[in-house]
């Protein structure tokens, strides 16, 4: 017991270091959606359609190759004409993933059961050094 009393500062530093090492794993598990590598596999293996739910100016500044732009405000009206086949997986993307999460609820309501979100959005895609095109 004297060891803990005499070395309380070292023990607290060790505990804090361990907590800081575990934080990225804990934080990553709370993010919902696919990471960039899983998204690439979904696109390549299952022919997922990429729908960018950002605004037109954001889409023009840069988007995933082959993505279609349907702003989140117009999603309910335009998604059925852009993605006619509801059996094909949808990958919803925005700048950082927050609008895509809202769009996911709309897509599920419209019957797109295979809709998923790119966790971290276009920023995560760029961070993984994956290709982006500009309109």
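Number of residues in the stretch 108-132 that are in a loop (DSSP other than H, G, I, E, B) and under 22 Å from residue 88 (Cβ atoms): the value is 8.
Per the listing 75, 79, 91, the residue uniquely in the same structural domain as residue 110 (by TED's automatic domain parsing) and not in a helix (DSSP H, G or I) is 91. Number of residues in the stretch 102-118 that are within 20 Å of residue 58 (Cβ to Cβ) and surrounded by fewer than 19 Cβ atoms within 10 Å (Cβ to Cβ): the value is 2. Per the listing 135, 100, the residue uniquely part of a helix (DSSP H, G or I), touching a residue at least 24 places away in the same chain (Cβ under 8 Å) and touching a helix residue (DSSP H, G or I) at 6+ places or on another chain (Cβ under 7 Å) is 100. Within the stretch 72-90, if we keep just the residues that are in contact with a strand residue (DSSP E or B) (Cβ under 6 Å, 6 or more places away or on another chain) and within 22 Å of residue 38 (Cα to Cα), the residue that is surrounded by the most Cβ atoms within 10 Å (Cβ to Cβ) turns out to be 90. The one condition from (1) over 15 Å from the mean Cα position of the chain (by Cα); (2) exposed (fewer than 12 other Cβ atoms within 10 Å of the Cβ); (3) in contact (Cβ under 8 Å) with a residue 40 or more places away in the chain that residue 127 does not meet is (1).
The values are calculated or read from the model by the stated rules, or taken from the named source; none is laboratory data. These numbers come from a predicted model, not from an experiment. Virtual Cβ from ideal backbone geometry, glycine too; neighbours counted across all protein chains shown.
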